[in-house]
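Here's the structure, in structure tokens; my notes come after.
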Amino acid sequence: MTDIMLPAPLWRRLAAATYDGLLLLGIWMVCLLVDTVVRDSLGTAREWHALRAFLFLIGLGFFGWFWTHGGQTLGMRAWRLKLRRVDGRALTWLNALTRYAVMLLCWGVALTPLVMQLPLYASRPGSSTIAALSVVVIAVTLVLMRLDARRRAPQDYVAQCEMIELPKP
């Protein structure tokens, strides 16, 4: 591998994910505010399934547009990371959709041990088992990422893409 094609280290990926997650959270908050204002002004009840689908599409639009137009979100630019297909070309919308859906699933598994500590779930039977299984899945995923020559996460592997670290300017 040349210097320009080094796989992105995990800590940079997590830093960029934190940055992008905060941006997406802000966008979602604005969307929820608009939804609440429109719903209250029309006097309609909240449709939770429609709202979840809407927020999913907003997130897909956010990440998908950046990934298909240059391969970098704002967080990835800040941490000098770039996403591309394994053949070096830019992601398609199908790659972006696949990566986004699997990414949400992975973050759901990663956050499950924390969610299971909430009082609502901690008292339920099996919550500690679910949290332990999530930790095992996370550990196996991290080991597999480390063993992969391209350091691909599950969302990268499934979407047939890779994240590389760009050289300093």
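The values are calculated or read from the model by the stated rules, or taken from the named source; none is laboratory data. These figures come from a predicted structure and were not determined experimentally. Here the Cβ positions follow ideal geometry from the backbone for every residue, glycine too, while neighbour counts run over all protein chains shown.
Values for this structure:
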item	result
Which listed residue, of Arg99, Arg151, is under 15 Å from the mean Cα position of the chain (by Cα) and surrounded by 18 or more Cβ atoms within 10 Å (Cβ to Cβ)	Arg99
Residues located in the stretch 118-130, provided they are modelled with pLDDT of 90 or more and under 24 Å from Thr18 (Cα atoms)	none
Gln72 vs. criteria touching a helix residue (DSSP H, G or I) at 6+ places or on another chain (Cβ under 6 Å) and either modelled with pLDDT of 95 or more or surrounded by 17 or more Cβ atoms within 10 Å (Cβ to Cβ) (or both)	no
Candidate set: the stretch 136-159, residues that are among the charged types (D, E, K, R) and outside any helix (DSSP H, G or I); chosen: the one nearest to Gly64 (Cα to Cα)	Arg152
Options Leu105, Leu114, Leu133: the member that is exposed (fewer than 14 other Cβ atoms within 10 Å of the Cβ), in a helix (DSSP H, G or I) and over 15 Å from the mean Cα position of the chain (by Cα)	Leu114
All positions within the stretch 52-81 that are in contact with a strand residue (DSSP E or B) (Cβ under 6 Å, 6 or more places away or on another chain) and either small (Gly, Ala, Ser) or more than 17 Å from Leu10 (Cα to Cα) (or both)	Trp67, Gly71
Candidate set from the stretch 49-91 (those that are part of a helix (DSSP H, G or I) and of a type in the set (D, E, K, R)); member that is farthest from Tyr157 (Cα to Cα)	Arg52
